[in-house]
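What follows is one structure encoded as structure tokens, with my remarks underneath.
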Amino acid sequence: MIEPREDEAKRPVAFVFNGGPGVSSVWLHIGGVGPFRVAVPEDLTQGMLPPYELEENGGSLLRAADLVFIDPIRTGYGRIDPDQNPALASELTSGVEGDVDHFAEIISDWLLRHDRLGDAVYLVGESYGTIRASLLATRLQLLDNAIAISGIALIGQAVNAQETTQRPGNPVGYLAAVPYLAVTARYHGLGAYTSMGVDELAEKAHEWSLGRYAAALLQGDALAADQAREIAQELSDFCGLPVETLLSLQLRVNKEDFRRALIPGQVIGLTDGRYTLPKAQNGFPELEFEPTGAHLDAAYTALIHRHFTHGLGVESDVPYLLADAGTHERWDYQESRAAGAFGGSPMPSPFATFDYAANLRAWMRANRAARLFVGTGHYDSLTTVGAAQNMLSQNALPRDRVTFCTYEGGHMMYTDRASAHKLGADLRAFIAGTAPAQEGNA
């Protein structure tokens, strides 16, 4: 999308993509940064059924930059005939290397074709797209026709997923979850801090997690029983679960279990903890929908087709696909440069490295004016505020060139109208170079 203009002044170009892997750009396109957004009811208990409506997006990034939305192969309108080129079909949809090379080629070709190589280039990635954006930052600059990226926006960052995943024996994953647990419990009227503001509570939970909670988890089974009970009470005050339950869990709250235990008879949303649905009834086997997706997916499916067909005049014999469900199952997350690191096997192994943030470090060192934006929704259980704080504090990034913002929403925080406007304003300020560093709970 290119904003018409009469003068010759060059505008920045932002390349925008979602994650998955194997997810189209529909969410950022008609939810986050495009000129129109899906109208989501303010009352989240209301549900969404047709007719669905698009509304003008007052927070659109188009006011600050031209927008190029990229859909991976097998999503959107992109197709590859596996019978014609099976090797290429596999390469582009099976791992980080083929994916980032493909996106780098698309970006380079677009800039060359539209005579935009001299313009400022930004990358806006969400979820897995934040890993892709991090890899692209260095890959584009190493092309024969090198392209330097002026700024990267990570929405719902997953760059340090290896460090913050809740695996047994990995305390960091549980520490990083505490702000999410606290604000989600507060939203549903649970825990001891229901009268505290969201940002204030998230910061309080973050500070506690790095102190008393971290010390307790690192002691593991050596923690004295009386100390364990004290920590369990403090954790209960944050997350709303009973002390005895927390003691039985050895003070480790798995986010998936939390979603099903917080409210009796209800399950809360995976990508947005504000949404709920009744649990499936015992004795009545049935498909159980994820609450956020049940609320939003059909509306986004219908409206992206309407937007392309009626709004943009696109004619196609194939439907626009929101996602390719099989991509995630076959994805190889390992970079080729990391294969064999520390004497490890080039095949997936415990010794594999997934240091995606190294690409951000290298990019910001090579480009001393390059800037990074990180935006995260408080109610997101996938890519939590705590995980973002961990990524920013552990990777030697130049903090004077980093902007960190939090929002009262979930993984797609922009489904909340107020958060969509705030995100848009923050991103426009970021591109203009006026956004203050370290907003939110950094």
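The values are calculated or read from the model by the stated rules, or taken from the named source; none is laboratory data. Note that the coordinates shown come from a computational prediction; the quantities given were computed from them, not determined experimentally. For neighbour counting, all protein chains shown are included, and Cβ atoms are generated from backbone atoms with ideal geometry for every residue, glycine included.
Some points to look at:
- Restricting 184, 194 to those that are of a type outside the set (Lys, Arg), within 18 Å of residue 241 (Cβ to Cβ) and touching a strand residue (DSSP E or B) at 6+ places or on another chain (Cβ under 9 Å) reduces the list to 184.
- For region 249-266, a residue qualifies if it is more than 16 Å from residue 174 (Cα to Cα), of a type outside the set (A, V, I, L, M, F, W, C) and not in a helix (DSSP H, G or I), and the qualifying residues are 264, 265, 266.
- Extreme residue, nearest to residue 291 (Cα to Cα), among residues of region 17-59 that are acidic (Asp, Glu) and part of a loop (DSSP other than H, G, I, E, B): 43
- Among the criteria (1) under 20 Å from the mean Cα position of the chain (by Cα); (2) buried (at least 16 other Cβ atoms within 10 Å of the Cβ); (3) modelled with pLDDT under 95, the one residue 91 does not fulfil is (1).
- Selection status of residue 117, in a loop (DSSP other than H, G, I, E, B), within 17 Å of residue 12 (Cα to Cα) and of a type in the set (A, V, I, L, M): yes
- Just one of the numbered conditions (1) among the acidic types (Asp, Glu); (2) out of contact with any strand residue (DSSP E or B) (no Cβ under 6 Å at 6 or more places or on another chain); (3) at pLDDT 95 or above is not true of residue 126: (2).
- Residue check for residue 246: farther than 30 Å from residue 217 by Cα and outside any loop (DSSP other than H, G, I, E, B): no
- Where residue 241 falls short, out of the listed (1) of a type outside the set (Phe, Trp, Tyr); (2) surrounded by 15 or more Cβ atoms within 10 Å (Cβ to Cβ); (3) assigned to a helix (DSSP H, G or I); (4) out of contact with any Pro (no Cβ under 6 Å at 6 or more places or on another chain): (3)
Yes/no matrix, rows are residues, columns are (1) outside the structural domain of residue 29 (by TED's automatic domain parsing); (2) touching a strand residue (DSSP E or B) at 6+ places or on another chain (Cβ under 9 Å); (3) at pLDDT below 90; (4) not basic (Lys, Arg):
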residue: 322; (1), (2), (3), (4): no, yes, no, yes
residue: 327; (1), (2), (3), (4): no, yes, yes, yes
residue: 346; (1), (2), (3), (4): no, no, yes, yes
residue: 360; (1), (2), (3), (4): no, yes, no, yes
residue: 371; (1), (2), (3), (4): no, yes, no, no
residue: 385; (1), (2), (3), (4): no, yes, no, yes
residue: 389; (1), (2), (3), (4): no, yes, no, yes
residue: 396; (1), (2), (3), (4): no, no, no, yes
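- With respect to (1) touching a Pro at 6+ places or on another chain (Cβ under 8 Å); (2) assigned to a loop (DSSP other than H, G, I, E, B); (3) not basic (Lys, Arg), the lone exception for residue 62 is condition (2).
- Set 108, 127: member being of a type in the set (Gly, Ala, Ser), surrounded by 17 or more Cβ atoms within 10 Å (Cβ to Cβ) and under 22 Å from the mean Cα position of the chain (by Cα): 127
- Candidates 190, 218, filtered to the one that is farther than 20 Å from residue 404 by Cβ, exposed (fewer than 15 other Cβ atoms within 10 Å of the Cβ) and touching a residue at least 24 places away in the same chain (Cβ under 8 Å): 218
- Qualifying position, being assigned by TED's automatic domain parsing to the domain that holds residue 26, within 19 Å of the chain's Cα centre (by Cα) and part of a helix (DSSP H, G or I), among 133, 177: 133
- Tally of residues being surrounded by fewer than 17 Cβ atoms within 10 Å (Cβ to Cβ) and either small (Gly, Ala, Ser) or in the same structural domain as residue 385 (by TED's automatic domain parsing) (or both) across region 258-281: 2
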